Amino acid sequence: MAMGFGCNAAGVVGCRIIDSPRERLIAILTNSFVPCNGRFPILISILTMFFVGAGALSSLKSAVLLTAVIVLGVAMTLLMSRLLSATVLKGMPSSFTLELPPYRKPRIGQVIVRSVLDRTLFVLGRAAMVAAPAGLIIWLCANVQVGGASILAHCTEFLDPFAHLLGLDGVILMAFILGFPANEIVMPIVIMAYLAGGSLVEMSDLSALRTLLVSNGWTPLTAICTMLFSLMHWPCSTTCLTMGKETGSAKWTLLGVVVPTAAGMVICAAVAAAGRLLGLG
């Protein structure tokens, strides 16, 4: 779980140290509930724009709110682990024994080679497998016109009613779908769709970005639901490929996609409904 804060794919690989196949599966399936480096920029920027603002205590407020989001992710990890261990992965829990290995002088060359070949290139290679075709799909969606509007515009309009139930809009939901290769591109896709542009765009000025989002219907409730869905939705492509490799099963990989996505949709729908009842929508 701790490794997942850097990269969920690395967290899944780290589950190899768990001897029990049942508990290893539980750890793999719940690893994506903690936010990785790709999701932290989304969470921090939304918190800053909608809930922190300027002031002497702005940094402290931002840290407290971000910590609360992280704690929620950890709590969901533990809750879903408990649920999985009581249902589809029900079984006798194994004992935990930590045995210290004999100390030996490290072989620097072997450590470097294994780190580069077994881990760095291992993860980057899987990311590249999806990044190239995904980039082509994003470009086609944004630039190919059908009936006077881009494919992206048609898709966002189609998704809008369902996204509204989750407290989002069609653009946000489509951005998460197209952001499957990497969570870092979710917000650039949102900006591209709102600006009706043909390429990914980043805005360094948060005040200008907030103005753009608000002008396209964002409210504090939208911001909350977007953060919740960012915290709990399907893993990125690299993590999915890694889950498939580590489990050797398409069934468990699919479950690893369904579990966080279902949890995120249920929670977002509940928060959106409660928010509208309170007049926040």
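The values are calculated or read from the model by the stated rules, or taken from the named source; none is laboratory data. Worth saying up front: this structure is predicted, and the values here are computed from it rather than measured. Ideal geometry is used to build each Cβ from the backbone, glycine not excepted, and the neighbour counts take in all protein chains shown. Just the protein is used for accessible areas: all its heavy atoms, side chains included, with ligands, DNA and RNA removed. Shrake-Rupley method; radii C 1.70, N 1.55, O 1.52, S 1.80 Å.
In this structure region 209-281 gives 40 Å² per residue of accessible area when probed at 1.4 Å with all protein chains present.
Here the calculated FRET efficiency for V113 and A273, from their Cβ-Cβ distance with R0 = 41 Å, stands at 0.15, rounded to the nearest 0.05. Straight-line reach from K90: taking Cα to Cα under 15 Å and skipping same-chain neighbours fewer than 8 places apart, the aspartates and glutamates in range are E23.
With protein chains left intact and a 1.4 Å probe, residues in region 25-79 average 41 Å² of accessible area per residue. Note on region 158-281: with neighbouring protein chains present and a 1.4 Å probe, carbon and sulfur make up 70 percent of its accessible heavy-atom surface.
For Cα extents along the principal axes in Å, the value calculated from this model appears in (i) 72, 43, 36; (ii) 56, 43, 36; (iii) 64, 42, 41 under label (iii).
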